[in-house]
Amino acid sequence: MQAIKNQVSSAYLIFISSLFMPAGLSLRKFLRSGYKRSYDIVLSGGLLLLLSPLLVVTAAAILFESRGPIFFRQQRVGKNGEQFSIYKFRSMCTDRALHRQVESMPGDRDGICKKFVNDPRVTRVGQFIRKYSIDELPQLINVLRGEMSMIGPRPALPAEVAQYSEYQRGRLKALPGISGLWQVSGRADLNFDQQVELDLQYIRQQSLATDLRIALKTVPAVLSGSGAY
């Protein structure tokens, strides 16, 4: 009788795990990391429902202010160097000449990842949604698809990854996230080397407690608008 109970319990565990387990991931590996995928699915799905009014208002504001698509899609590099399309609300104008002009200019932050404090390409709506990270909310779809996590290193551009040293490539060992350790430690005010160190620190200390701690710090960091441009 006990043997039957054990078999039923094992079958139930495998069934529940399969609901969250990405294709190609062994059960043993899933049991070590499954909490993260379960957490990602529940939280990203819940946030998409909860924030749907904000998403609709943001989409309408973007359409009202300037011509162009609502969403911005771009290739990024994820875990183990795999590329995927990231989704954002469009925060820039669609003037190609202006884009080329700005991209040829030196950035306001040292390192591989170029940033501009007063980027002339950013629209008025774009300034607001960037300040409060509203432009990042469509990435909840990337989380549901398993391309990103709620917490992890930010996904880099392929051109940036091509310049990485072997040490910097260590940040590609984890699934990229919407928020992460460096986002709650200064955001764009940190230089690239500082971001890498924080990402590697997160990967070494990755756990459910660490993810929850970062998630709780993300809300005040976003609301403050500090370091966002």
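The values are calculated or read from the model by the stated rules, or taken from the named source; none is laboratory data. Since the model is a prediction, treat every value here as computed from it, not as a measurement. Cβ placement follows ideal geometry from the backbone for every residue including glycine, while neighbour counts extend to all protein chains displayed. Each accessible area value is taken on the protein alone, full model and side chains, heavy atoms only, with ligands, DNA and RNA left out. Shrake-Rupley method; radii C 1.70, N 1.55, O 1.52, S 1.80 Å.
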* To do: Among the residues of region 197-229, write down those that are among the basic types (Lys, Arg) and either modelled with pLDDT under 85 or surrounded by 12 or more Cβ atoms within 10 Å (Cβ to Cβ) (or both).
  => Arg213, Lys217
* Leu63 vs. criteria within 16 Å of Gly126 (Cβ to Cβ), more than 15 Å from the chain's Cα centre (by Cα), modelled with pLDDT under 95 and assigned to a helix (DSSP H, G or I) -> yes
* Asked: If you check Leu49, Leu27, Leu19, which single one turns out to be of a type in the set (A, V, I, L, M, F, W, C) and modelled with pLDDT of 55 or more?
  -> Leu49
* Asked: Within region 180-219, can you find the residues that are in contact with a strand residue (DSSP E or B) (Cβ under 8 Å, 6 or more places away or on another chain) and among the aliphatic types (A, V, I, L, M)?
  -> Ile214, Ala215
* Structure fact -> Of the conditions (1) at pLDDT below 90; (2) among the aliphatic types (A, V, I, L, M); (3) part of a helix (DSSP H, G or I), the single one that Ile112 does not satisfy is (3)
* To do: Only residues that are part of a loop (DSSP other than H, G, I, E, B) and open to solvent by less than 30 Å² (accessible area, probe 1.4 Å): list them for region 121-132, please.
  => Arg121, Thr123
* Which numbered condition trips up Leu55, out of (1) of a type in the set (A, V, I, L, M, F, W, C); (2) touching a strand residue (DSSP E or B) at 6+ places or on another chain (Cβ under 8 Å); (3) open to solvent by less than 70 Å² (accessible area, probe 1.4 Å)? -> (2)
* Consider Asp193 against the criteria (1) among the acidic types (Asp, Glu); (2) open to solvent by 40 Å² or more (accessible area, probe 1.4 Å); (3) at pLDDT 90 or above: it satisfies all of them except one. Which criterion is unmet? -> (3)
* To do: Would you mind finding the one in Leu181, Leu140, Leu157, Leu144 that is open to solvent by 10 Å² or more (accessible area, probe 1.4 Å), within 24 Å of Ala59 (Cβ to Cβ) and in contact (Cβ under 8 Å) with a residue 24 or more places away in the chain?
  => Leu144
